[in-house]
Amino acid sequence: MWPPPEPDCRLHPAVEVRPSPIAGEGLFTRVSLPAGTAVSCIGGRLVPGNELRRLLRAGAGYVDTITVTADVHLVLPPGRPNGKGNHGCDPNLWWSAPYTLAARRDIAAGEELTNDYATSTGEEDFVMPCRCGSPLCRGSVTGNDWSRPDLQRRYGDHWVPDLLARIHASRRPRSSS
Ligand SMILES: C[S@@+](CC[C@H](N)C(=O)[O-])C[C@H]1O[C@@H](n2cnc3c(N)ncnc32)[C@H](O)[C@@H]1O
Ligand SMILES: [Zn+2]
């Protein structure tokens, strides 16, 4: 069982929202960040799928959410800058704990902070054309990318809990009974 999230989000004090060459606004660091530095801790409340669908239908503004398990979703409090992180196909952040994005490598001052959305969502119908500009750009990100062996190798255990559980389950030999 994963621990409950904190009630609110936390962001590294040197990280700010700025216009992004990738899309709209993004997160940027004013200082260099060594590999492993915790950058963004996502907090909020856990809701079941039916409650999330009700919130999305209510149309009370954009709902920031990540999937925790198949029917449990973390909904961030509204307006938190943590939700401004853009996707990158060769990201400089990755999941280091169930609710924490940390530096995947040393990051220079001024760099945009990106994470690979494939490590956060397994929604079957999720497809996003990608303009991250990386030489490793996949052109689009989908809710099935978690099943790609190249991404599984690249990210190791650095996935949200639900996707890590799916990856482990997909590797278990099937019982013949
Ligand atoms: C969580 S928001 C990120 C913040 C957003 N750029 C903004 O200005 O509010 C996710 C949205 O940003 C855009 N986006 C993020 N990364 C992208 C990428 N690599 N390529 C194209 N669009 C991207 C998509 O419109 C996506 O639905
Ligand atoms: Zn890309």
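Since every read-out is calculated from the coordinates, none of them should be taken as a lab result. Nothing here was measured: the structure is a model prediction, and the numbers come from that model. FYI the Cβ positions are ideal-geometry reconstructions off the backbone, even for glycines, and counts take in every protein chain you see.
Tabulated results
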{"item": "Whole-Å distance, taken between Cα centres, linking the stretch 1-50 and the stretch 53-110", "result": "7 Å"}
{"item": "Over the stretch 10-171 - Rg/Rh using Cα atoms and the Kirkwood inverse-distance radius", "result": "0.94"}
{"item": "Exposed GluC sites (Glu not before Pro) absent - longest run of the chain, DSSP non-H/G/I/E/B, at most 12 other C-beta within 10 Å", "result": "1-122"}
{"item": "Selected from Thr121, Gly26, Ala169, residue furthest toward positive end of dipole (the stretch 10-171; charges at beta carbon)", "result": "Gly26"}
{"item": "Estimated FRET transfer efficiency when R0 is 41 angstrom, pair Arg172-Ala58 (beta carbons, to 0.05)", "result": "0.60"}
{"item": "Contact order relative to length of the chain, as percent, for alpha carbon pairs under 8 angstrom and 6 or more apart", "result": "23 percent"}
{"item": "Electrostatic dipole magnitude of the stretch 86-155 [Cβ: Lys, Arg +1; Asp, Glu -1; Cα centre; debye, to 20]", "result": "220 debye"}
{"item": "Residue range of the chain that is longest and free of chymotrypsin sites (Phe, Trp or Tyr not before Pro) which are both DSSP loop and sparsely packed (at most 16 other C-beta within 10 Å)", "result": "63-125"}
{"item": "Per-residue [θ]222 nm for the chain (sum of -39500 (n - 2.57) over DSSP H runs n ≥ 4, rounded to 500)", "result": "-4500 deg cm²/dmol"}
{"item": "Net charge of Cβ neighbours under 13 Å - reference Arg104; Lys, Arg +1; Asp, Glu -1", "result": "-3"}
{"item": "Loop-located trypsin sites (Lys or Arg not before Pro) in the stretch 77-177, at most 10 other Cβ atoms within 10 Å (DSSP)", "result": "Arg174"}
{"item": "Efficiency of FRET from Cβ geometry, Ser32 and Asp150, R₀ 30 Å, rounded to 0.05", "result": "0.55"}
{"item": "Dipole magnitude of the chain, debye to nearest 20 (Cβ charges: Lys/Arg +1, Asp/Glu -1, about Cα centre)", "result": "260 debye"}
{"item": "Options Ala14, Val72, Tyr99, ranked by Cα towards positive dipole end of the chain, top entry (Cβ charges)", "result": "Val72"}
